[in-house]
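Asks: Encoded as C-alpha cells, here's the structure I'll be asking about.
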Amino acid sequence: MWPSDVHPELAQYGSCTLDQNGCTTCGDLAVPVIVLAIEGQEALCEDRCGQRARVALDFLEDVCVGDILLVHLGVALARIQGGNECATSMNSVIRD
C-alpha cells in the first residue's frame, strides 16, 4: 500500500492513478477508480490516491455509487466490482 492511498481497496487492481498513468497515445492502461457520485451519463470518480475526475458512462449500464470501474481516456470501459443494488442516494458522495 502506498502512503498516499485514499482507497486501499483499489490497490489490488494495480498502481495506476488518474494523474500519473494512462494513455500517452496509447499506452493502453486503464485506471481503477471508485464511483463517488453519478449525474446523468457521468460519474465523479476517485483513484486510489484521491485524484478525482469526471468519467463518461456511455459504455456501461446501471453504474452505482461505490462501484469500481476501469477508466481509459475519461471513459469507463468496464465494471470490475459492484453492480449489485445501487445505493439509495445515487448522487451522494462517499467521502468528502
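The values are calculated or read from the model by the stated rules, or taken from the named source; none is laboratory data. As the structure is a prediction and not an experimental result, all values here were calculated from the model. We place every Cβ from the backbone using ideal geometry, glycine too, and count neighbours over all the protein chains shown.
Asks: If you take the residues in the stretch 52-65 that are without any contact (Cβ under 8 Å) to a residue 24 or more places away in the chain, outside any loop (DSSP other than H, G, I, E, B) and within 14 Å of residue 30 (Cβ to Cβ), which one is nearest to the chain's Cα centre (by Cα)? Can you show your working first?
Replies: Going through the stretch 52-65, the residues without any contact (Cβ under 8 Å) to a residue 24 or more places away in the chain turn out to be 54-61.
From what is left, the residues that are outside any loop (DSSP other than H, G, I, E, B) are 54-56.
Narrowing further to those that are within 14 Å of residue 30 (Cβ to Cβ): 55-56.
Numbers: 55: 8, 56: 10 Å.
Going through the qualifying residues, I end up with 55.
Asks: Additional query: Just one of (1) surrounded by 11 or more Cβ atoms within 10 Å (Cβ to Cβ); (2) modelled with pLDDT of 65 or more; (3) assigned to a loop (DSSP other than H, G, I, E, B) trips up residue 23, so point out which.
Replies: Single failed check for residue 23: (2).
Asks: When only residues in the stretch 66-78 that are part of a strand (DSSP E or B) and over 9 Å from the mean Cα position of the chain (by Cα) count, which is surrounded by the most Cβ atoms within 10 Å (Cβ to Cβ)?
Replies: Out of the qualifying residues, it is 72.
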